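The values are calculated or read from the model by the stated rules, or taken from the named source; none is laboratory data. In this text, all values refer to a predicted model and were calculated from it rather than measured experimentally. With ideal geometry, Cβ positions are generated from the backbone for all residues, glycine too; neighbour counts draw on all protein chains shown.
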2 protein chains.
Amino acid sequence: MMESSTVTTGATRTLARYAAAVRFEDLPSPVVNEARRAIVNWAGCAIGASGYPTVENAWRAMRPFAGAPQAALLGRQERTDILHAALVNGISSHVLDFDDTHPDIFLHPSGPVASALLALAEHRHASGREFLAAFVAGVEVECRVARAVLPAHYEVGWHVTGTAGVFGAAAACSRLLGLNEQRTVFALGLAATQSSGLREMFGSMAKSLHPGRAAQNGLASALLAEADFTSADTAIEGKRGFAHVLSTTVDIGQCTTGLGERYELLRNTYKPYACGLVIHPAIDACVRFRDKMGVTAADVDRIDLAVHPMVMELTAKAAPRTGLEGKFSVFHAAAAAIIDGDGGEVQFSDARVNDPAVVALRGRIRAVADAGIAVDAVRAVATLRDGTRHELSIEHCVGSVRQPMTDGHLHAKFRAQCEPVLGTERVAAALELLNKIDKLDDIGTCALACAAA
Amino acid sequence: MMESSTVTTGATRTLARYAAAVRFEDLPSPVVNEARRAIVNWAGCAIGASGYPTVENAWRAMRPFAGAPQAALLGRQERTDILHAALVNGISSHVLDFDDTHPDIFLHPSGPVASALLALAEHRHASGREFLAAFVAGVEVECRVARAVLPAHYEVGWHVTGTAGVFGAAAACSRLLGLNEQRTVFALGLAATQSSGLREMFGSMAKSLHPGRAAQNGLASALLAEADFTSADTAIEGKRGFAHVLSTTVDIGQCTTGLGERYELLRNTYKPYACGLVIHPAIDACVRFRDKMGVTAADVDRIDLAVHPMVMELTAKAAPRTGLEGKFSVFHAAAAAIIDGDGGEVQFSDARVNDPAVVALRGRIRAVADAGIAVDAVRAVATLRDGTRHELSIEHCVGSVRQPMTDGHLHAKFRAQCEPVLGTERVAAALELLNKIDKLDDIGTCALACAAA
C-alpha cells in the first residue's frame, strides 16, 4: 500500500512520493481494467483522427525539425523522436472530441498521459505492466491537481486538460524512468511552470494542441529532471506556484486526500457519441425510439425533449451548417440518431448535417430546458403522424459513470474509428494486443500495431 | 509609417498587422542602433553561460531527441535543429541574470525574441536587415502585451519574460517567415495558449527555462501558423483569452497605443553588474570611491549607504555563503566593488563571497532604507580610519535609462563574458560581425562566429 499523505509534507512532494512508488502489483484489478479500457479508447481516438487536417498541419510544421525515428505516430506510417511523437499523438487523441472524460473535473485524462508515456515506453522497451503502473500514476496526479484548483480555474478560462494534463504526463514519465522522489518533485515543478492552455481556443485546431503540448512538455519535464535540471520544491502549493497563480479557489488537500486508496481513474467515462456529453442522453433516447420502438423519420410528427438546462445553453443551434456546428445542435443530433441509430463522426460530418432528410427531421425536434432533469438524463416523447405516442426516460445515458460503455461497445467504437485508417485485419491485431497489454514484455509491439504498415 | 491601431480592430489583430508589416527601411536609426546593442548584450550573456550546469543539463536531456544540425548553439560546438537551438540559447541567455531589462515591466526582452529568431534566420539564410526588422517587431509586441497585464500579472506570480516573451518570439518569427496578417493572428493565438512561467521557480534552473521555452514555443507558433494550424482571432483580448485569464488588471489599450511610433526598445537597459538592478547604484558608488578617490579596503573604517527601500527588502543578506547568495547581499556587493572595482561574475563567485578580505570589509558596510532615494540612485559616505570622510551621490546608476552603458562598456562586457569561452581572436571577429549586423547578407555568418570552433 502507498502511504497516505502527512500533514508536514507539501502537496508537490506528496504527489511525487506517490508517483515514484506506484507498482503494478499494488494496483486493484478494477483499476488495471479501467486503465486498459482508457488506453483502448485513447488509441482508437488518436488512430481515427490521425489523417485529419489538424494532425496533418501540425506534423507538416514540425517534421523538418524532428529527430530520429524513435516512436510511432498512431495511425500513421512515419516514426519520429519521442517528444514529437508525444505531441502529435496527443493532438490526434483530442481532434474528434471523442476521448475520455472525467465528469467531475472536465478533464480528458488519457490524452496527455498516454501520449507521452507510449512514446517514452516504446523507446525504453518498457513492459506493459510498467506502462500501466506509470499510466495510473499519471492519471491520479493530474486529476488531483485539477481538483485542487477547480472550479475557478476552469471558469476563468483555463483548459484543464492542458493545464493539469502536463502534471499527469510528467508524473507518468517520471515513474517510467524510475526517477527518485526529489527528481520527481523537480519534474512536477517543471510541469507547473509550463502549464498552459486557454479556453479561448475552443473551436480552433489549437484546442487539440493542449493535450499534445501537455504530453510533450510533461515528458520533457521528466527528461530534464532525470538530467538534474532543477525546479522548485513547492511548485503546486507555493505562494507563487501553480495553484495560487492559476486559480482563485484553491483546495490543496484535494491533491493528496486518499492518494493510493481512492482512484480517480474509476470515475473515468468514455463517449459513445462524437459530440459534447450534454447531448448524449437525447441521442440515447432517439436511438431507442428507432431500435426498440421501430420509429422512422417518415413516422415522426414531432419529438419533444425535456433536457438539462445546459443542453439549451450549449447546444441550441437550430440550423447548423457544418459538421462541427452540428455538434452544438441537439436538434441535428436527435434527427441523425432517429435516421442512423448512431452519433458517430459520420453523423457529425458536413454532408450529414446538410442532408435534406436530416434537415427536414431536425425541424420537427423540440427541446425544452427542465431544471429537474439531471445532466446525464432526458425525458422524450415521440408523437407519430398516425397519432401514436411513445414516451421514454433515460436515467443515466450510455457512457456515464452509472451506465458505463461495455467492453463490447468500446471495442466496436475502436473498430469503427480505426478500420478506415488501418484496415480490418490490422485493427483486430491491435485490439488484441491492447486488451492484453499487461502481458506484453515490450510495449513497442503494441505501439507498432497501432501505426500504419 | 505603420498605420496606427483603429478602434474597431482587436488588440491581437492590430499587433499582428503591425508585426507583419514592419520593414527595416521604416525603422528610425536610434531603434536600429538599440536593436544592435541589445543583440550584442544578448549574445554575450548566452555565450558566457554556455558551459554552465543549467545549460549542460538541459542540453544533455534534450540532445538524444533533437533533429538535424540546422542552427548554432551560442558558445558551443554542437549544432541542432532550430527548435532546440531556440530553447538552449534562450536558457543560456538568462542563466547569469546579466541580460537586458525593460525597467518599466520587469521584462528581459531579447532572450525569447533573439533566441528564436537567430535559429530561424540562420536556417533560412535571412539577411541582417530582415533579422533586425523581425527583432524589433518581436520586442515591440512582447513589451506591449506585458504592459496590458501589469502590474497584477507579475505580482500574482507570473514571470513575464516567459509569459509575454512567447508573444515576442512568435511575432518576430512570423515576420521573418513573411506570414500574412491572418496567419500572424494565429501565431499570436498559439503563443497565448502556450504562455507560461511561474515566479515560484526563482532561485532554480527552471527560471532560465522560461525564456528558452518562450523562444521555442514562439518559434513553433509561427511555424504552425505557416502550416495553416489555426487558433483564435481574439487570443489576447477575448473573454477566455490571455489578458483576462492571466491578470486581474487589464489595460488592453497598452497593446496598441503608439504602435510603430513610440518604441519600447528605446527604454531597454543593460546591466554592467551581474546581479539584481537594485544593488547597482551601491556598486557604482563604491567603484567611484575606489577609482576616483583612491579608497582601499585597508583605509575603510565604515561605509554608510542610503538606499531605496527595495534594496533592503531584496538584498539585505548580511552573511552570504555562495556566489548566488552574494547577489542578494548589498554588503558583499559593495565590499567586492571597493576591492575589485567591479561587480561581474567573478565578484559573485563562491570563492569571492568567501574571500576573507571581502568578508572582513562587508562587516564594515552599513545600509539604511531611505524613501527619498530613487531606485537607480544612492547616497554614500566613506569614513576612513584616518578620519577622512568622502561623500558622494549617484543620481542615475550606470545602465539605467538615463545613464545608459556606452557602446565601449557593452563591448568590454561582451569580451569579458566571451573570451573565457571562445578566446580573444574569435570574440573580436564575432563582435565585429554583430556590430555590422545590418550589413550582413546572411545572418548565418554571425551565428557561426558566436559558436565555438
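With respect to the numbered conditions (1) touching a Phe, Trp or Tyr at 6+ places or on another chain (Cβ under 8 Å); (2) under 27 Å from residue A:453 (Cβ atoms); (3) not aliphatic (A, V, I, L, M), which one is the sole condition not fulfilled by residue A:122?
That leaves (1) as the condition not met.
Right, residue A:175: more than 8 Å from chain B (Cβ to nearest Cβ) and charged (D, E, K, R) or not?
Working: more than 8 Å from chain B (Cβ to nearest Cβ): yes; charged (D, E, K, R): yes.
Yes: the conditions hold for residue A:175.
Which of the following residues is closer than 27 Å to residue A:202 by Cβ, free of Cβ contacts under 8 Å to residues at least 24 places away in the same chain and hydrophobic (A, V, I, L, M, F, W, C): A:319, A:412, A:333, A:371? Give the steps one after another, and end with the answer.
Working: A:412 fails: closer than 27 Å to residue A:202 by Cβ; A:333 fails: free of Cβ contacts under 8 Å to residues at least 24 places away in the same chain; A:371 fails: free of Cβ contacts under 8 Å to residues at least 24 places away in the same chain.
Just a single option satisfies the conditions, and that option is A:319.
Test residue A:397 against the stated conditions and say whether it is farther than 15 Å from residue A:43 by Cβ, of a type outside the set (A, V, I, L, M) and crowded, with 17+ Cβ neighbours inside 10 Å.
In short, yes.
Of the residues A:166, A:145, which single one is assigned to a helix (DSSP H, G or I) and within 11 Å of another protein chain (Cβ to nearest Cβ)? So that I can check it myself, show each step before the final result.
Numbers: A:145 fails: within 11 Å of another protein chain (Cβ to nearest Cβ).
Every option except A:166 fails the conditions.
For the stretch A:31-50, does any single residue satisfy the condition of being more than 23 Å from residue A:413 (Cα to Cα), modelled with pLDDT of 95 or more and β-branched (Val, Ile, Thr)?
Taking the stretch A:31-50 and keeping what is more than 23 Å from residue A:413 (Cα to Cα), we get none.
Checking the stretch A:31-50: not a single residue is more than 23 Å from residue A:413 (Cα to Cα), modelled with pLDDT of 95 or more and β-branched (Val, Ile, Thr).
With in contact with a strand residue (DSSP E or B) (Cβ under 6 Å, 6 or more places away or on another chain), part of a helix (DSSP H, G or I) and touching a residue at least 12 places away in the same chain (Cβ under 8 Å) as the only criterion, which of A:16, A:43, A:85, A:35 stands out? I'd like the intermediate steps shown before the answer.
On the way: A:16 fails: in contact with a strand residue (DSSP E or B) (Cβ under 6 Å, 6 or more places away or on another chain); A:43 fails: in contact with a strand residue (DSSP E or B) (Cβ under 6 Å, 6 or more places away or on another chain); A:35 fails: in contact with a strand residue (DSSP E or B) (Cβ under 6 Å, 6 or more places away or on another chain).
None of the other options fit; the residue is A:85.
Restricting the stretch B:244-264 to residues that are closer than 30 Å to residue B:32 by Cα and assigned to a helix (DSSP H, G or I), which is farthest from the other protein chains (Cβ to nearest Cβ)?
Going through the qualifying residues, I end up with B:264.
Please find, among A:37, A:23, A:17, the residue that is in the same structural domain as residue A:231 (by TED's automatic domain parsing), crowded, with 20+ Cβ neighbours inside 10 Å, within 26 Å of residue A:236 (Cβ to Cβ) and not aromatic (Phe, Trp, Tyr). Steps first, please.
Numbers: A:37 fails: within 26 Å of residue A:236 (Cβ to Cβ); A:23 fails: crowded, with 20+ Cβ neighbours inside 10 Å.
After applying the criteria, what remains is A:17.
Can you tell me how many residues in the stretch B:142-171 are in contact with a His (Cβ under 8 Å, 6 or more places away or on another chain) and of a type outside the set (S, T, N, Q)? First the steps, then the outcome.
Restricting attention to the stretch B:142-171, the residues satisfying the condition of being in contact with a His (Cβ under 8 Å, 6 or more places away or on another chain) are B:143, B:146, B:156-157, B:159-163, B:165.
From the residues that got through so far, the ones that are of a type outside the set (S, T, N, Q) too are B:143, B:146, B:156-157, B:159-160, B:162, B:165.
Qualifying residue count for the region: 8.
Please enumerate the residues belonging to the stretch B:292-317 that are polar (S, T, N, Q) and either within 28 Å of residue B:371 (Cα to Cα) or surrounded by 19 or more Cβ atoms within 10 Å (Cβ to Cβ) (or both). Give the steps one after another, and end with the answer.
Filtering the stretch B:292-317 for residues polar (S, T, N, Q) gives B:296, B:315.
Listed by number, the list holds a single entry, B:315.
Would you mind listing the helices (runs of 4 or more DSSP H) fully within the stretch A:312-367 where at least 3 residues are within 19 Å of residue A:277 (Cβ to Cβ)?
A:323-326, A:330-340
The rows are residues; the columns are (1) under 21 Å from residue B:232 (Cα atoms); (2) more than 16 Å from the chain's Cα centre (by Cα); (3) assigned by TED's automatic domain parsing to the domain that holds residue B:73.
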| position | (1), (2), (3) |
| --- | --- |
| B:126 | no, yes, yes |
| B:145 | yes, yes, yes |
| B:153 | no, yes, yes |
| B:156 | no, yes, yes |
| B:160 | no, no, yes |
| B:167 | yes, no, yes |
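Please go through (1) over 18 Å from residue B:96 (Cα atoms); (2) touching a Phe, Trp or Tyr at 6+ places or on another chain (Cβ under 8 Å); (3) modelled with pLDDT of 95 or more for residue B:333 and return the number of the only condition it doesn't satisfy.
Evaluating residue B:333 over (1) over 18 Å from residue B:96 (Cα atoms); (2) touching a Phe, Trp or Tyr at 6+ places or on another chain (Cβ under 8 Å); (3) modelled with pLDDT of 95 or more leaves (1) as the failure.
Output the number of the condition that residue A:115 fails; it satisfies all remaining conditions of (1) more than 17 Å from the chain's Cα centre (by Cα); (2) away from chain B (no Cβ under 12 Å); (3) among the small types (Gly, Ala, Ser).
(1)
Name, by its number, the condition in (1) surrounded by fewer than 20 Cβ atoms within 10 Å (Cβ to Cβ); (2) out of contact with any Gly (no Cβ under 6 Å at 6 or more places or on another chain) that does not hold for residue B:284.
(1)
Can you give me the number of residues within the stretch A:265-281 that are part of a helix (DSSP H, G or I) and buried (at least 19 other Cβ atoms within 10 Å of the Cβ)? Even if it seems obvious, please write down each step before you answer.
Of the stretch A:265-281, the ones part of a helix (DSSP H, G or I) are A:265-267, A:277-281.
Next, from what is left, pick out any that are buried (at least 19 other Cβ atoms within 10 Å of the Cβ): A:265, A:277-281.
Summing the residues that are part of a helix (DSSP H, G or I) and buried (at least 19 other Cβ atoms within 10 Å of the Cβ) in the stretch A:265-281 gives 6.
Go through (1) touching a Ser or Thr at 6+ places or on another chain (Cβ under 9 Å); (2) under 28 Å from residue B:208 (Cβ atoms) for residue A:123 and report which single condition fails.
(1)
Which of the numbered conditions does residue A:59 fail, given that it passes all the others? Conditions: (1) more than 9 Å from every other protein chain (Cβ to nearest Cβ); (2) part of a helix (DSSP H, G or I).
Evaluating residue A:59 over (1) more than 9 Å from every other protein chain (Cβ to nearest Cβ); (2) part of a helix (DSSP H, G or I) leaves (1) as the failure.
Out of everything in the stretch B:77-97 that is crowded, with 24+ Cβ neighbours inside 10 Å and more than 14 Å from chain A (Cβ to nearest Cβ), what residue ends up being farthest from residue B:59 (Cα to Cα)?
If we take residues in the stretch B:77-97 being crowded, with 24+ Cβ neighbours inside 10 Å and more than 14 Å from chain A (Cβ to nearest Cβ), then B:93 is farthest from residue B:59 (Cα to Cα).
Can you pull out every residue in the stretch B:180-236 that is surrounded by fewer than 24 Cβ atoms within 10 Å (Cβ to Cβ), more than 29 Å from residue B:324 (Cα to Cα) and either more than 7 Å from chain A (Cβ to nearest Cβ) or under 23 Å from the mean Cα position of the chain (by Cα) (or both)?
Correct list: B:180, B:181, B:182, B:183, B:233.
Identify, from the list A:61, A:66, the residue that is buried (at least 24 other Cβ atoms within 10 Å of the Cβ) and closer than 30 Å to residue B:79 by Cβ. Let's see the steps before the verdict.
Values: A:61 fails: buried (at least 24 other Cβ atoms within 10 Å of the Cβ).
On inspection, the qualifying residue turns out to be A:66.
Any idea how many residues of the stretch B:353-375 are touching a helix residue (DSSP H, G or I) at 6+ places or on another chain (Cβ under 6 Å) and among the charged types (D, E, K, R)?
The total comes to 1.
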